[in-house]
Structure formats: C-alpha cells, structure tokens
1. Which of MET289, MET84, MET371, MET31 has the fewest other C-beta atoms within 10 Å, and how do the rest follow up to the most?
2. Report relative contact order for the range 172-240 in percent, whole number only (criteria: Cα-Cα under 8 Å, sequence separation at least 6).
3. Straight distance only, please: which lysines reach the Cα of LYS24 with their own Cα at less than 20 Å, same-chain residues fewer than 8 apart left out?
4. According to a simple spin-label model (label point 7 Å from Cα along Cα-to-Cβ), what is the distance in nm between LYS359 and ASN297?
5. When only C-alpha pairs under 8 Å and at least 6 residues apart count, what is the relative contact order of the chain, in percent?
6. Classify the range 89-225 from the C-alpha gyration tensor, please: rounded if a/c falls under 1.5, else prolate or oblate depending on whether a/b exceeds b/c.
7. Need the list of aspartates and glutamates near LYS290 for cross-linking: C-alpha distance under 15 angstrom, and skip anything on the same chain fewer than eight residues off.
8. What are the ³J(HN,Hα) couplings of the range 219-231, residue after residue, when phi is run through the Karplus curve with 6.51, -1.76, 1.60 and θ = phi - 60°? Round to Hz, x for glycine and proline.
Amino acid sequence: MSTKVRLGIIGLGQQGGMYAKFIKDGLVPNMEIGALCDHDPAKKERFESEYPGVPFYDDYIAMLDSGDVDAIVTCVPHFLHPEMGIETLKRNIHALVEKPAGVYTKQVKELNEFAASKPELSFGIMFNQRNNPLYKKLKEIVDNGEIGAIRRTNWIITNWWRPQGYYNSSEWRATWGGEGGGVLVNQAPHQLDLWQWICGVPQSVYSKVAYGFRRDIAVEDEVTAVVDYGNGATGVFVTATHDLVGTDRFEILGDQGKIVVEGSKTATVTRLHKPERELSDAMDMGDVMKLFTGQLNPAEYYTTEVIEFESAWGAQHAGVLENFAANILDGTPLLAPGSDGINGVRLANAIHLSSWTGKEVSLDFDEEEYMRELNKRIAEEGKFPERS
C-alpha cells in the first residue's frame, strides 16, 4: 500500500490554500497533493505556478472522476459540504469535510447515513480544536471522573470581533440563504463541538438571540443560550462578534472539582478531596464560623493545578490532516469522526429555533419546522433559493 494519501483540495480560499501549503511544506508527512480544484480562473494561474505538475480542475466532479485523488477536503461554503461529501463517498473516495458539517441537520443526516453505508471509507471533519493538547487533556480529566459529575458549564466566547467591512466582503456572507446564519455557523462551530465533546450533548435549549444587533446584517451577531442536560445540570453559552476586547472563558463545575479555562490557553483544575456534598455535610458550626472569618485551610479541601500547553500555529490543522491520512493508511482512530459533525449543527439549529419561536426547544426538534422558519428568512432576503 502507498505510504502517502493523494489529497484533492476543493476550494482554494484561505483554508484550502493553507492546507496546500502545509502539505507542500512537509507538515503532513503521510499526504501529498493529488489535485487542486476551484471554479475561479484567477486561482488556476496562481496555483499552477505555485504547485507545478499538480492537476487543476474547475469542476470537483471531474476531479473525483479523474483517478488523481484518494481523498478530498471540502473548503467551500457551508451548505455545500454534505452534497460534496456524498458525491465523494459515492465514488469510493475518502472524505474530510470542513466545519460546520452543513447548515441544517436534515442535510447532515443524509451525509451521515450515506457515510454509514460505506464503513470501509474514512469520513472525517476538520475539528482541529480536538487536536489542541489543552482540550484533549481536559476531556481526559472529565472522562476519568476527576472532577466528578458535571453540575454546570459556562462558555463566554466573544473574542472574534468583526467590523462591518468583513460582512460586506462578499454577497453570501452573513445571509440566511448563502451562509445559513451568523456567529453560530461561522465563528463558533469549534466551541459548540468542544462544549459537547467534553461535557456531553444537552437535552434542550432556551435562547435569546439578536439578529443584526450591532451590525447591518440579517443573521445573528449576539447569542445567549441556556442548555439543560436533563439531570439538574445546566450550561450557558454566550457569543458575539461586536465585542472589540473579547473574552474566552470556559468553566466546568463538577461535584468533585472545577475547571476554568482562560483564552483557550490556560486551565486551572481544582480537585476536591471528597464530593462537595460530603464536605458540606461534614461541617459543623465551628467550621462555618471559620469559613465566614476566612480561617478555613483550602488545602484540607482541595488541590489546584494549572495546565498550559504551547500549541504552534497550524499544528492542529496539520495534525487532523495527518490523522485522517493515518486512518486511511492503517486504521488509526479518527480524532474527529465525520458523524460527530451533526452535534454542533443540531445545537446551532436548536438555538435559532428557540429564539424564533420564543420556546425551549428539545435537541430532538422538528426538522421540518426548522426548515420552514429558515426558508421564511431566505425568502425575505430574496437573494438565494430556498432549501429543502
């Protein structure tokens, strides 16, 4: 068997161009560029000079049928990921889709169901933050029960300020018909994925969402969502694109500890010596007086550890590409199986639907109701065809 996977890159914008460079520079040792694809003629000239001898296509189906590629990555608008994934897998070619897996669960389900019918093929999603050593370690800590059962989670992630010029940069950006939403489908998919990957999938969500709150756009630029995990535990997710200073703070409270992440770089992990209720029940009035007068010794109750990793720029993306190729070549387990992509899409859809209906929405919501509401907004824009 070949020691390198021939990757076809569909879409040569910022992401596609970056992946091509990673492979060319040797950051993905088990992969080579099999072919490049973009419908923009200007890209053809540029990339043919940068990557001499690499076949270039302006139609991705032609590239899939060429025999030049073993696998592809889709670096195209969100709506196109599912159909491109299905067309690829149909031809027995491995598929890595960019995040998000799609815009609505109905189309992502079709992709997942088709991929499940081809178990011999590798199907992954570019959740590069799952390759962030900090978040990998935190998942390990939670999965091992080191902070006990989760009682509350909070993530404030507002450090992607976008000026109006960003939204004006293209006709499809920040539209219902072209992009399918705002901050939830563009900036926050990694956090929506990590939140559920580490803390579990919630049962329901209630949200307050502002559309065109601080920007002249139709879609959301401010989100506050409250989720219910079904066992008394709750979570809050806050995101926005109009906070110039920005915050990235993620807290996970367990019944035997707590994790606080700042800036996706540093995590403070507190581990209680016993479950919190046991500590509470064992305290008498003397202990309560010590608590109120600041005389309790924290070391008697918990230990604190600060975790920090250096993560070189590009290493996470290149690592996902390398892992995807290893899965094809020798069956190495995927960091981010493509089927996991539906979780973030489902939560984003439920947050939208809750805000549109003013009700708490189950994560098992009515997909047809969501499509009716989405298409109503696409029709009001009058720029793009409705979705089915």
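Readers should treat all values here as calculations from the given coordinates under stated rules, not as data from a laboratory. None of the values given here were measured: they were computed from a predicted structure. Here Cβ is always computed from backbone atoms with ideal geometry, including for glycine, and neighbour counts include all displayed protein chains.
1. Numbers: MET289 11, MET84 22, MET371 18, MET31 25.
In order of increasing Cβ crowding within 10 Å: MET289, MET371, MET84, MET31.
2. Numbers: 108 pairs, mean separation 19.4, N = 69.
The normalised contact order for the range 172-240 reaches 28 percent.
3. LYS4, LYS43, LYS44
4. Distance between label points: 5.7 nm.
5. Numbers: 758 pairs, mean separation 74.4, N = 388.
About 19 percent, as a whole number.
6. Working: a/c = 1.95, a/b = 1.12, b/c = 1.74.
Note, shape of the range 89-225 comes out oblate.
7. Qualifying aspartates and glutamates at Cα under 15 Å: GLU300.
8. So the Karplus estimates, Gly and Pro as x, are 9, 7, 10, 8, 9, 10, 10, 10, 10, 10, 8, x, 10 Hz.
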